[in-house]
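Novice: This is the structure I have questions about; it appears just below.
The values are calculated or read from the model by the stated rules, or taken from the named source; none is laboratory data. Not measured: the values here are computed from a predicted model. Here the Cβ is made from the backbone with ideal geometry for all residues, glycine too, and neighbour counts use every protein chain on show. The accessibility values were calculated without ligands, DNA or RNA, using every heavy atom of the protein model including side chains. Shrake-Rupley method; radii C 1.70, N 1.55, O 1.52, S 1.80 Å.
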Amino acid sequence: MRRREFITFFGAVAVWPLAARAQQPRRYRVGHLAIAAPTDRLPPPPANWDAFVQGLREAAYVEGQNVEFEHRSAHDQPELFPKLALELATLNVDVIFARGTWALSAAKNATRTIPIVGIDLEIDPVEAGLVTSIARPGGNITGMFLDLSELSSKHLQLLKEIIPRMSRIAVLANPDINASQLRELYRVAGPLSVDIRAVDAKNAVDLDDAFHEAKNSHADALIVLSNPLSLAHRTRIGNLAEKANLPSIYLYRAHVDAGGLISYGPDLPDMFRRCGGYVGRILGGTKPADLPIERPARFDLVVNLKTAKALGISIPETVLVRADTVLE
């Protein structure tokens, strides 16, 4: 080989590794802040996380290829959220996906610069001071939100339709999160001649006492308000409701899949998929301030006939024909 040819060949070989590195796509890091993570021993409903990942995939972001996750879960200890959020901010992740009121508040306090996509079904984000407006959030937060107080009357009416003679309802709630839903339930209970009895459950330890209190109050049924605790312990709550012989209504289908009687609420996997799409758009360069807050687009009614039979309840045909899904 001539000297000039050798030098040209050697130079080309030396450039190959640099070219290969230049062609490798950037790998983004998405922080995931929640009461429970898919890697936990007791993970949240898998359909929700799978839908979030699908939304990212539809935006061309695939785990292991150009995106990786930093999971931080509080494991039923909400007081850990500020520390976990600060960890993600210190890692300087590209986006934080925050699930629930506690996670969102902690993420907002931890960073004003890292984009945050949130999903929360307990608060009004404007009233809570998370964003400036629904149409133009401003700042670094956007996502999917629903103030659940608007669904409280629907839950009460459904229970009244299933149990016409119902006069007293226990409401499993965390008063720190579910205040607006409780106010709405008290407001609409009067015209339906129903007495509302709130039983507090701020942590997993409170659940046994809460159900004991509900049973001793001679409640005819139970409304389980949405919060991270109730979803994480959906199977245990379903078992306690059946043991207490309390027909129960929930917001999420995951509760009914775990043995609950009935649920009416937004299609949660669809909301998570749309959150994944929002994260993808932010990774692509869109600012969260320019992404309007979105509301749920689809609502589902799910009935568990097996649970109804165990409770000795006959679900009216008027409810069954409206149900999107009937589990038998």
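Novice: Measuring from label point to label point, each 7 Å out along Cα→Cβ, what is the ARG26 to ASP176 span in nm?
Specialist: 3.7
Novice: Can you give the Kirkwood hydrodynamic radius for region 78-199, in Å, rounded to one decimal and based on Cα pairs?
Specialist: Its Kirkwood hydrodynamic radius stands at 16.1 Å.
Novice: So how tilted is helix 101-110 from the main axis of the chain? Cα-based, degrees 0 to 90, rounded to 10.
Specialist: 40
Novice: Moving to a separate point now. Using only Cα atoms, tell me the angle between helix 207-216 and the longest principal axis of the chain; keep it within 0 to 90° and round to the nearest 10.
Specialist: With rounding to tens, the tilt is 20 degrees.
Novice: Cα axis of helix 81-91 to longest principal axis of the chain: angle in degrees, 0 to 90, nearest 10?
Specialist: 10
Novice: Carbon and sulfur: what percent of the chain's accessible surface (1.4 Å probe)?
Specialist: Of all accessible area on the chain, carbon and sulfur atoms account for 51 percent.
Novice: Between SER153 and LEU91, what is the FRET efficiency for a Förster distance of 41 Å, r being their Cβ-Cβ separation, to the nearest 0.05?
Specialist: That gives a FRET efficiency of 0.45.
Novice: Here's a follow-up. Which entries in the list LYS202/LYS309; LYS202/LYS306; LYS83/LYS108; LYS243/LYS306 go over 22 Å, if you measure between the two C-alpha atoms of each?
Specialist: Listed pairs above 22 Å: LYS202/LYS309; LYS202/LYS306.
Novice: Before I look further, what does the chain give for accessible area per residue, probe 1.4 Å, in whole square angstrom?
Specialist: 47
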